[in-house]
Amino acid sequence: MKKIAVLTSGGDSPGMNACIRAVVRTAIYNKVEVMGIMHGYNGMIGNEFIPLGAKSVANIIHRGGTILKTARSSKFTTIEGQQRALENLMKHGIDGVVAIGGDGTLKGALEFGKICSIPFVGCPGTIDNDLIGTDFTIGYDTAINTVVEAVDKIRDTAESHDRLFFVEVMGRDAGLIALRAGIGVGAECILMPETKTDIETLIKRLNSGRKNKASKIIIVAEGDEAGGAFTIAEHVKRRLPDFDTRVTVLGHIQRGGNPSAMDRVNSSRMGFAAVEALLAGKSGVMIGIINKKIAYTPFENATKHTQRLDPDLMRMLDILSL
Ligand code: F6P
């Protein structure tokens, strides 16, 4: 292996830069050249390749976003797009690729593997934590800490006004941000796509809670099947007009910011392991960390399932939010 390429694709996540840095420096240590591909798979199709050296990744470990930029590529789902991408990889003499991204990125790599024999290794970059094969994806820890910091502030004002707040967090297919951040802020209720949201049960719960509770925080994952925070809050307001209700949608603030220490370390470990995996002849696998150890999961297993919510966490949540 003489030359590899690295790209980031899909939604950005804090820690992607730390992962890029680890890929570049590990490759250079092993006398392998590195090209960065800008704008994910779109840049592979559009020939946006740039050389990366040890210095090009200096002072990025602490920065959110991605220096390689990112995109969600619809062109890469077409055979024409994939052929163009393959031609460009060959033109640049690329012997291996590290793709950093979430479900869509790994599915793209899996599909591309049908026409491309150049080895691909993935690193799980998404704030959603919705991939099988790793305990924590790159960016998840930072995102939940961002949510906790924001909701703590909301709790202050909710408490002062005796208000009920619905706070919407990211996760269109997964409620893992909602679940962990919700536990971290002591939410009264967490609504997620993985569990059935029944407005009647929610109303009963709000009515049956401690009567002298000043503030109530309901965390709503954006993908909840009953609708977003605004829709659910409307239903509740109609049924409980005496509650002083407000809605906050946290939005893309959850994707930015300096990565947490945990994200920096995990991202570095995964980028390092990705290059070592390519050098060891591995391909078609996502690097993850399970029980503190590096794990290799075939792309199709990493993306095929949704993570099951931990039933112990769910049971604890109900008891602690009384
Ligand atoms: O996949 C990460 C994520 O942040 C999801 O939680 C969210 O639903 C989605 O990306 C938003 O994507 P975009 O930035 O393209 O609107």
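Assorted remarks:
- Lone qualifier among T146, T142, T137 - being touching an Asp or Glu at 6+ places or on another chain (Cβ under 6 Å), in contact (Cβ under 8 Å) with a residue 60 or more places away in the chain and within 15 Å of S260 (Cβ to Cβ): T142
- Residue match in segment 118-126 (condition: in the same structural domain as G65 (by TED's automatic domain parsing) and free of Cβ contacts under 8 Å to residues at least 40 places away in the same chain): yes
- Scanning segment 68-89 for residues that are open to solvent by 50 Å² or more (accessible area, probe 1.4 Å) and either among the basic types (K, R) or touching a residue at least 24 places away in the same chain (Cβ under 8 Å) (or both) yields K69, R72, K75, T77, I79, Q83, R84.
- Across segment 217-225, not a single residue is classified as in contact (Cβ under 8 Å) with a residue 24 or more places away in the chain, in the same structural domain as T126 (by TED's automatic domain parsing) and open to solvent by 70 Å² or more (accessible area, probe 1.4 Å).
- Yes/no for G184 being within 22 Å of the chain's Cα centre (by Cα) and more than 15 Å from the ligand (Cβ to nearest atom): yes
- Selection from segment 115-140 of residues that are more than 11 Å from the ligand (Cβ to nearest atom) and open to solvent by 30 Å² or more (accessible area, probe 1.4 Å): I115, S117, P119, I132, D135, F136
- Within segment 33-59, the residues that satisfy the criterion of being within 23 Å of the chain's Cα centre (by Cα), outside any helix (DSSP H, G or I) and either within 16 Å of the ligand (Cβ to nearest atom) or crowded, with 17+ Cβ neighbours inside 10 Å (or both) are G36, I37, M38, H39.
- Residues being touching a helix residue (DSSP H, G or I) at 6+ places or on another chain (Cβ under 8 Å) and either among the acidic types (D, E) or on the phi > 0 side of the Ramachandran plot (or both) are entirely absent from segment 77-94.
- Each residue in segment 147-167 was checked for being open to solvent by 30 Å² or more (accessible area, probe 1.4 Å) and touching a helix residue (DSSP H, G or I) at 6+ places or on another chain (Cβ under 6 Å), and 1 pass.
- Verdict on R180 being in contact with a strand residue (DSSP E or B) (Cβ under 9 Å, 6 or more places away or on another chain) and open to solvent by 30 Å² or more (accessible area, probe 1.4 Å): no
- Within segment 166-181, residues that are at pLDDT 95 or above reach partners that are of a type in the set (S, T, Y) and away from the ligand (no atom under 12 Å from the Cβ) with beta carbons closer than 6 Å, at six or more positions or on different chains, in the pairs V167/T248.
- Lone qualifier among G251, G281, G288, G257 - being at positive phi, of a type outside the set (S, T, Y) and away from the ligand (no atom under 16 Å from the Cβ): G281
The values are calculated or read from the model by the stated rules, or taken from the named source; none is laboratory data. Since we're looking at a predicted model, the values are computed, not measured. Counting neighbours? That spans all protein chains shown, and the Cβs are built from the backbone with ideal geometry, glycine included. The protein model used for the area step is the full one, side chains on, heavy atoms only, and it has no ligands, DNA or RNA in it. Shrake-Rupley method; radii C 1.70, N 1.55, O 1.52, S 1.80 Å.
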